[in-house]
Amino acid sequence: MFLYDERPKEKSLFVTIPSKIQYNFAFLNNITELLEQVEKSSYEKILIDCGTDPINYNKMCTAYLLNTLLFLAQTKTVFAKNNLLQIFHETVSHSDGKQFEKIDITRDSLSQIQQCYCIRDDKAVNQTVHILGEFIGSHNLMFENAKEFLITTIGEIFSNAFNHSSENKVFFMYDIEWHNDDVYLIINVTDYGKTIVHNVQRYYQEKYGQKIEATESIRWAMGIGNTTRLGSGGYGLPTLVNYVSKANGELLIFSGNVIFALKGSKQNILYAKGTLSGTSISMKIPLFDTSRAFLYDKDRKEFMSMNLDQI
């Protein structure tokens, strides 16, 4: 999707990005390649071009790309063509995490602006987590104990991202997506810092004196009760996977050079095209699903769903 051309005469790396991109697995995977190509390049100057055709990026794709270029600009000199800069200016708005107050389906569906929130402290984390949990719980059939544990699960995801970030900040954004009559909440949480792979490999080396492959590190992190952090129950990622699967949603986790992909009940762990210096978690959660009700089983410590069509 992205093309790379090193130009010695200009002492620059020239990157060509397609004029049409959607926020999906392929896009996120290509971003890891972009990060790796730029990091490996011996040139200080990075030129980003998307051709002369009209640019057609959806909101979250535009914001994610901009955040990536801003991250690269910390160590490189990044230039983007005027048409791309114009799209960034018209589409993306950055706000402090404390300004995230509510999700409005009608407003967010019609808005052409993608709000990207920068979360810098526990107060903003707690506020964001409760808004997301309450919104998902109130727009699906969910028992109170399931909603409470969903809030706890989302909270652990944000806390992990915040604690692992090398910059003490986490980027969060969301959108409402329609597919015919079906409505979905799309969420992304990204931190630039220590990866899941790094943390698990270090933990294995310190505790067992063993090396563990990158893909196996992700697999281990998805196991219930597994954690590298003192005081953590180790239920964040496994419980998130459990809920998204029961909800028939989608989950993508990019961390280091590994991808965890879940769609419904099918999951896969594979190597990415490049390397993300951090962790990016994207979720696609169905809303207004009246075919099932969710509850939390305390004994099994997992979400359960009841198929209402069979009652």
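Observations
- Computed label-point distance, nm, for sites His94 and Thr106 using a 7 Å Cα→Cβ extension: 3.3
- Taking all Cα pairs closer than 8 Å and separated by 6 or more residues, the relative contact order of the chain comes to 16 percent.
- About the Cα centre, charge dipole magnitude for the chain (Lys/Arg +1, Asp/Glu -1 at Cβ), debye: 720
- A cut-off of 5 Å between modelled amide H atoms, ignoring neighbours fewer than 5 places along the same chain, links Tyr23 with Asn58, Cys61.
- The residues neighbouring Ser305, those whose beta-carbon lies less than 10 Å from its own, together hold a net charge of +1 under the Lys/Arg +1, Asp/Glu -1 convention.
- Taking 18 Å as the limit for the C-alpha separation, the pairs Lys76/Lys98; Lys211/Lys301; Lys246/Lys301; Lys45/Lys81; Lys147/Lys298; Lys40/Lys273 exceed it in the case of Lys76/Lys98; Lys211/Lys301.
- Overall form of the chain: oblate. Here a/c, set by the Cα gyration tensor axes a ≥ b ≥ c, is 1.5 or more, and a/b is not larger than b/c.
- Once the C-beta distance of Glu144 and Asn56 is scaled by a Förster radius of 41 Å, the resulting FRET efficiency is 0.45 to the nearest 0.05.
- Cα centroid separation, region 283-311 to region 257-282 (Å): 24
- ³J(HN,Hα), Karplus 6.51/-1.76/1.60, whole Hz, each residue of region 170-187, x for Gly, Pro: 10, 9, 9, 8, 8, 8, 9, 10, 10, 10, 6, 9, 8, 10, 10, 9, 9, 10
- Rounded Å value of the spacing that divides the Cα centres of region 48-94 and region 136-169: 29
Each reported figure results from applying straightforward, stated rules to the coordinates on display, with no laboratory input. This is a predicted model, so every value here is computed, not measured. Positions of Cβ are backbone-derived with ideal geometry, glycine not excepted, and every protein chain shown enters the neighbour counts.
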